[in-house]
1. Conditions: (1) outside any loop (DSSP other than H, G, I, E, B); (2) modelled with pLDDT of 80 or more; (3) buried (at least 18 other Cβ atoms within 10 Å of the Cβ). R259 meets all but one. Number of the miss?
2. For the subset of segment 133-184 comprising residues that are of a type in the set (S, T, Y) and assigned to a helix (DSSP H, G or I), which member is surrounded by the most Cβ atoms within 10 Å (Cβ to Cβ)?
3. Among the numbered conditions (1) surrounded by fewer than 21 Cβ atoms within 10 Å (Cβ to Cβ); (2) part of a helix (DSSP H, G or I); (3) at pLDDT 80 or above, tell me where L219 comes up short.
4. Just the residues that are farther than 23 Å from A18 by Cβ and over 24 Å from the mean Cα position of the chain (by Cα), please, taken from segment 134-154.
5. From (1) surrounded by 18 or more Cβ atoms within 10 Å (Cβ to Cβ); (2) farther than 19 Å from T25 by Cβ, pick out the condition that doesn't hold for S130.
6. Go through segment 159-189 and count every residue that is under 24 Å from L71 (Cα atoms) and without any contact (Cβ under 8 Å) to a residue 60 or more places away in the chain.
7. Give me the pairs: first residue in segment 1-15 and closer than 10 Å to Q118 by Cα and of a type outside the set (A, V, I, L, M), second residue outside any helix (DSSP H, G or I) and modelled with pLDDT under 80, beta-carbon distance under 8 Å, and six or more apart or on different chains, which are they?
8. Can you pull out the residues in segment 1-43 that are over 11 Å from A126 (Cβ atoms), at pLDDT below 85 and either among the β-branched types (V, I, T) or buried (at least 16 other Cβ atoms within 10 Å of the Cβ) (or both)?
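The values are calculated or read from the model by the stated rules, or taken from the named source; none is laboratory data. Since we're looking at a predicted model, the values are computed, not measured. Because the Cβ atoms are built from the backbone with ideal geometry, glycine has one as well, and the counts that use them run over all protein chains shown.
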Amino acid sequence: MNKHIFRHEFLTRLKSVAIWSFSLTLLIAFFFALFPVFADQAALMNEFLSRYPKELRIAFGLDRMDLSTVLGFFSFLFLFVQLCVAIQAGNYGFGLVSIEESELTADFLLSKPVSRSQVMTSKLLAAFASLTVTAGVVWLVTFVSIALFRGEREYDLGTLVMLLFSVTLFQLFFMSVGLCISLLVKRVRSVTPYSLGLGFGCYVMSAFSGIFGQVALELITPFKHFDPAYIIEHNAYDLPLVLLNLGITLAALGVSYWRYIRRDIPAVS
């Protein structure tokens with residue numbers, strides 16, 4: 001790792017990290033501020049949700065959630081948290097090397113006395129450190145919000161920790177896959193369409209796998225690898241899917257290193 005590249009990459013993302021962290025803080029705090037109302041009107045809410053089409057409830061996992069409990073309510077909120085961190089991580093992954101190539105500054109960086117593997121490692125660690133800050137904010141705001149709004153309602157701390165820890169693995173997946181895709185295509189001119197497509201695409205596949213019971217889709221999308229309803233119901237991860245998720249992440253990183261080391265870098269003419 002090169003500390004100068006790491007520092008530059010990390011500082012470059014500080015504004016983005018602040019925006020994402022602030023947005024997630026508002027999202028979690030706002031939803032939990034509504035929790036006492038949902039909990040006090042549990043019977044009414046369950047009757048209200050039962051009127052929705054079964055397919056819609058399955059798509060959002062509402063068929064397995066009890067919004068009157070702390071963890072049941074958080075599992076519904078957690079789907080939106082997952083979508084946000086997926087887009088953020090995808091953004092960092094797609095932009096890790098493609099931005100310098102599109103701006104034609106990559107040849108300047110690679111002219112320095114550092115190997116391509118050092119450049120890649122430094123960039124990856126800086127992106128991961130940035131994502132870790134966001135994950136830390138999610139942990140902090142979740143615990144504070146629960147303490148403020150749960151009242152006398154109890155919840156299992158271990159299950160909550162499992163849900164929050166899955167955020168990091170979730171981020172790694174989207175960052176790695178985004179990086180791999182960016183190195184497989186000829187050029188990424190804008191990272192936003194790619195990261196939105198990857199995040200929402202995986203979310204839609206998760207919804208369709210629930211509606212149609214397509215096991216093949218569950219193998220593809222990390223929204224099923226870390227299904228909050230499953231984690232709460234079983235107080236455990238779906239181990240085969242988590243191992244598959246880690247395997248895809250490691251494979252994407254391996255392919256990314258291989259491609260980057262052998263890639264032709266556009267230069268300023």
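1. With respect to (1) outside any loop (DSSP other than H, G, I, E, B); (2) modelled with pLDDT of 80 or more; (3) buried (at least 18 other Cβ atoms within 10 Å of the Cβ), R259 is out only on (3).
2. Filtering segment 133-184 for residues of a type in the set (S, T, Y) gives 134, 142, 145, 155, 159, 166, 168, 176, 182.
Of the ones still in play, those that are also assigned to a helix (DSSP H, G or I) are 134, 142, 145, 159, 166, 168, 176, 182.
Working: T134: 26, T142: 23, S145: 20, T159: 20, S166: 21, T168: 19, S176: 24, S182: 24.
That would be T134.
3. Going through (1) surrounded by fewer than 21 Cβ atoms within 10 Å (Cβ to Cβ); (2) part of a helix (DSSP H, G or I); (3) at pLDDT 80 or above one by one, L219 breaks only (3).
4. Pass one, segment 134-154, residues farther than 23 Å from A18 by Cβ: 146-147, 149-154.
A147, F149, R150, G151, E152, R153, E154 - these are the residues of segment 134-154 that are farther than 23 Å from A18 by Cβ and over 24 Å from the mean Cα position of the chain (by Cα).
5. Result: S130 fails condition (2) only.
6. Final tally of qualifying residues: 4.
7. Close Cβ pairs satisfying both conditions: N2/V114.
8. F35, V37, F38, A39
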